[in-house]
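The values are calculated or read from the model by the stated rules, or taken from the named source; none is laboratory data. Here the structure is a predicted model, which means the values were calculated and not measured. Methodologically, a virtual Cβ is constructed for each residue, glycine included, from the backbone with ideal geometry; neighbour enumeration extends over all protein chains shown. Accessible surface areas use protein heavy atoms only, side chains included; no ligands, DNA or RNA. Shrake-Rupley method; radii C 1.70, N 1.55, O 1.52, S 1.80 Å.
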Amino acid sequence: QVQLVESGGGLVQAGGSLRLSCAASGRTLSMYAMGWFRQAPGKEREFVAAISRSGSSTYLADSVKGRFNISRDNAKNTAWLQMKALKPEDTAVYYCAADSRLSSNYVGKLTTGAVDYWGEGTLVTVSS
């Protein structure tokens with residue numbers, strides 16, 4: 001069992017930056033690829049970013065490449081999503097996710113159906 005708690009959401013102006021944190025407890029975090037999803041009002045939950053179990057590889061959605069970065073520190077049981085050059089269309093509830101993977105060093109796009117654990121989300125609002 002893994003429990004995930006997101007923090008760091010808030011209101012930011014377009015072009016600004018935010019850093020989201022995901023604190024994990026329970027089972028060893030290194031056994032899971034970590035990811036971030038987001039869900040805007042009236043829309044389906046969509047994939048944003050993922051990082052491999054070891055932290056050596058990342059995968060970003062096209063919509064956030066060059067603007068967002070995902071990182072992790074297994075010793076701290078924490079993953080982060082660093083968001084820069086935020087746009088109003090980034091407004092959403094952001095969810096941390098843990099996904100068991102065989103590979104320690106590689107990760108691709110995560111799917112909602114494969115996620116083992118979800119955080120409860122943190123709201124990011126980007127104003128024009």
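Quick notes on this structure:
- Residues that are without any contact (Cβ under 8 Å) to a residue 60 or more places away in the chain, over 21 Å from E120 (Cβ atoms) and buried (at least 22 other Cβ atoms within 10 Å of the Cβ) do not occur anywhere in region 70-77.
- Which listed residue is of a type in the set (S, T, N, Q), open to solvent by 50 Å² or more (accessible area, probe 1.4 Å) and over 12 Å from the mean Cα position of the chain (by Cα), from S103, S63, S57: S63
- Conditions (1) closer than 17 Å to S56 by Cβ; (2) out of contact with any Lys or Arg (no Cβ under 6 Å at 6 or more places or on another chain); (3) outside any loop (DSSP other than H, G, I, E, B); number of the one not met by Y106: (3)
- Whichever residue in region 1-21 is closer than 13 Å to Y117 by Cβ and among the β-branched types (V, I, T) and, among such residues, is least open to solvent (accessible area, probe 1.4 Å): V2
- Unique match (being under 13 Å from the mean Cα position of the chain (by Cα) and open to solvent by less than 40 Å² (accessible area, probe 1.4 Å)) among A40, A24: A24
- Filter result for E120 (closer than 17 Å to V2 by Cβ, part of a loop (DSSP other than H, G, I, E, B) and at pLDDT 95 or above): yes
- Filter result for V48 (open to solvent by less than 20 Å² (accessible area, probe 1.4 Å) and outside any strand (DSSP E or B)): no
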